[in-house]
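The values are calculated or read from the model by the stated rules, or taken from the named source; none is laboratory data. Computed from a predicted structure; not experimentally measured. When we count neighbours, we look across all protein chains shown, and the Cβ atoms used for this are built from the backbone with ideal geometry, even at glycine.
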Amino acid sequence: MHFSPMISQARTLSFKLLCQIESRGVFSDDALNSREVGRLEVRDRHLTTEIVYGTLRWQAALDFVLSGLSSRRWEDVTPGARILLRMSLYQMWQMDRMPDHAIVNDAVELAKRELGKGIDRYSNGILRHLTRTRPWESKEFLREAPAWARVSLPQWLWERWSERYGDPDAVEFALALNRPPAAGFLCSEIQEKAVGSPSEYVPSDLVPGACIRIGSGRNPDGGEGVPAAVHAQDEASQLIPHLLGPACHGWKVWDSCAAPGGKARILGMLCGDSGHVTAGDVRWDRVRRMAGFLRDSGQRGIDAIVADASRQPPFRARFDAVLADVPCSGLGTLRRNPEIKWRFKPESFPSLQQTQKEIIRSVSESVRPGGRLLYSTCSTEPEENEQVVLSFLETHANFTLVRPGHPPGIEKWICPDAMVRTFPGTRLWDGFFAALLVRY
């Protein structure tokens, strides 16, 4: 009787998720918070998370090594084989507690089952060579690699950051993005749910009501011990609503691009029972999920509506404040979603910027005189940030840029141009941009 060799559940699922991320456009954080991952034993869940994130973060360096060993042009190798070889090399190179023979055997069996005839021999040849030579143990390893491969960025993004920051700072910034982010939560929710040991969570020294999980392991969306009812939200993301300041208590606020609803929930807390938040988004399915999230969070005084922020506002009255957290490249979230650096193309900037300009122009009509307009993105790039804001100010003389005065400590993150930038290279959070405008 023939028995099929057992393959590690973690490796099997890692391969499946990486294929979904590359071929179907699934985001890594969504993939790793799926039911399939949740059904794994804790050890396998951690292993799957590390393999998936590590492979995506270090993809350029992995490809450089593998392309030099491939008998075929790397670009011509089937996507599944590239993914399988990347994740196997990542385990050998970065996870030295994993025995080489187990990694190779599982890779070859996965190739046989999933990739068709011949791919198993091709994969086996490359991986056996790597187990014999272990090139990463040499000080010369990657010496011949281009700078963008050494820090694992697409070439266009490396060249852009190198020109903007200089090579040393660009290297430091890029490598920082390959470190796992800190898991952020609302302190009140952690206290209410009594999750884990209180010593695992520390209050943010900047963002009121935010706490950071320390030593949470590998999952940036909480990790083991955090129930699904608790909503993880990056510290920088939680910061954005607070830039409106404590004066917003009792205000009417429109969060114009609100899904999935994390910022709207915080706005609801800031506005209090005497205020009101309208949370809008352009897609019905996103609004439906957001409404459920806001309802489950127990936050009152928030309405979820379908509204296209780039069109004429559907309101008769004006708001005390409008938040435009616009659709963007997401290049500030590469710690959490490293696949974005391989998906996003620089040719997309003009169309994105056009949408962002339409949104800020449209929603500005709903700000009352004396009211505030807060523009934000989770991007590090000027096309989506200062260029949009400065272009808006050139054509809207009734708005002026102001330096946020809240929360305490924000001064460190306000640049000379009065705009806020949370740099991922200096803290384990996402890269957000924000500009606070007042209408006169």
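I want to confirm something. Restricting to segment 80-112 and keeping residues that are touching a residue at least 40 places away in the same chain (Cβ under 8 Å) and over 31 Å from the mean Cα position of the chain (by Cα), which single residue is surrounded by the fewest Cβ atoms within 10 Å (Cβ to Cβ)? Out of the qualifying residues, it is 102. Would a scan of segment 45-62 turn up a residue that is closer than 20 Å to residue 112 by Cβ and in contact (Cβ under 8 Å) with a residue 12 or more places away in the chain? Scanning segment 45-62, I find at least one residue that is closer than 20 Å to residue 112 by Cβ and in contact (Cβ under 8 Å) with a residue 12 or more places away in the chain, so the answer is yes. Among the residues of segment 423-432, is there at least one that is part of a strand (DSSP E or B) and either loosely packed, with under 15 Cβ neighbours inside 10 Å or among the hydroxyl-bearing types (Ser, Thr, Tyr) (or both)? No, because not a single residue in segment 423-432 is part of a strand (DSSP E or B) and either loosely packed, with under 15 Cβ neighbours inside 10 Å or among the hydroxyl-bearing types (Ser, Thr, Tyr) (or both). In segment 135-142, is there at least one residue being surrounded by fewer than 17 Cβ atoms within 10 Å (Cβ to Cβ), assigned by TED's automatic domain parsing to the domain that holds residue 85 and farther than 30 Å from residue 167 by Cα? Checking segment 135-142: not a single residue is surrounded by fewer than 17 Cβ atoms within 10 Å (Cβ to Cβ), assigned by TED's automatic domain parsing to the domain that holds residue 85 and farther than 30 Å from residue 167 by Cα. Restricting attention to segment 215-247 and to residues that are assigned to a helix (DSSP H, G or I) and either surrounded by 21 or more Cβ atoms within 10 Å (Cβ to Cβ) or modelled with pLDDT of 95 or more (or both), the residue that is farthest from the chain's Cα centre (by Cα) turns out to be 242. Does residue 40 satisfy the condition of being in a helix (DSSP H, G or I) and outside the structural domain of residue 153 (by TED's automatic domain parsing)? No, not satisfied.
Are any of the residues in segment 406-420 more than 26 Å from the chain's Cα centre (by Cα) and outside any loop (DSSP other than H, G, I, E, B)? Within segment 406-420, none of the residues are more than 26 Å from the chain's Cα centre (by Cα) and outside any loop (DSSP other than H, G, I, E, B). If I filter segment 393-419 down to residues being under 20 Å from residue 361 (Cα atoms) and touching a residue at least 40 places away in the same chain (Cβ under 8 Å), which single residue comes out as surrounded by the fewest Cβ atoms within 10 Å (Cβ to Cβ)? Top of the filtered list is 398. Show the residue pairs that are 6+ apart or on different chains and have beta-carbon atoms under 9 Å apart, the first residue being within segment 320-334 and touching a residue at least 60 places away in the same chain (Cβ under 8 Å), the second being basic (Lys, Arg) and assigned to a helix (DSSP H, G or I). Hits for this filter: 323/263; 325/263; 331/341; 334/57; 334/341.
Beta carbons closer than 7 Å, at least 6 apart along the sequence or on distinct chains, never pair a first residue in segment 347-369 that is modelled with pLDDT under 95 with a second that is among the charged types (D, E, K, R). Give 111, 149 a once-over and let me know the one that is touching an Asp or Glu at 6+ places or on another chain (Cβ under 6 Å) and among the small types (Gly, Ala, Ser). Of the residues listed, the single one that is touching an Asp or Glu at 6+ places or on another chain (Cβ under 6 Å) and among the small types (Gly, Ala, Ser) is 111. Every condition in (1) without any contact (Cβ under 8 Å) to a residue 12 or more places away in the chain; (2) outside any helix (DSSP H, G or I) holds for residue 68 except the one numbered (2). Tell me, please, whether a residue that is touching a Cys at 6+ places or on another chain (Cβ under 7 Å) and charged (D, E, K, R) can be found in segment 345-361. Among the residues of segment 345-361, not one is touching a Cys at 6+ places or on another chain (Cβ under 7 Å) and charged (D, E, K, R), which makes the answer no.
Against the criterion of being out of contact with any Ser or Thr (no Cβ under 8 Å at 6 or more places or on another chain), in a loop (DSSP other than H, G, I, E, B) and more than 28 Å from residue 71 (Cβ to Cβ), residue 168 does not qualify. The selection criterion, being in contact with a Leu (Cβ under 6 Å, 6 or more places away or on another chain) and surrounded by fewer than 17 Cβ atoms within 10 Å (Cβ to Cβ), does not hold for residue 438. Could you tell me whether residue 207 is surrounded by fewer than 20 Cβ atoms within 10 Å (Cβ to Cβ), modelled with pLDDT of 95 or more, closer than 16 Å to residue 423 by Cα and not assigned by TED's automatic domain parsing to the domain that holds residue 341? It is false that residue 207 is surrounded by fewer than 20 Cβ atoms within 10 Å (Cβ to Cβ), modelled with pLDDT of 95 or more, closer than 16 Å to residue 423 by Cα and not assigned by TED's automatic domain parsing to the domain that holds residue 341.
Total residues in segment 256-279 satisfying the condition of being assigned to a strand (DSSP E or B) and out of contact with any Asp or Glu (no Cβ under 7 Å at 6 or more places or on another chain): the figure is 1.
Screening the candidates 336, 361 for the property of being touching a helix residue (DSSP H, G or I) at 6+ places or on another chain (Cβ under 7 Å), assigned to a loop (DSSP other than H, G, I, E, B), surrounded by 15 or more Cβ atoms within 10 Å (Cβ to Cβ) and of a type in the set (D, E, K, R) yields one hit, 336.
So, residue 82, is that one closer than 24 Å to residue 139 by Cα and modelled with pLDDT of 95 or more or not? So residue 82 does not fit the description; no.
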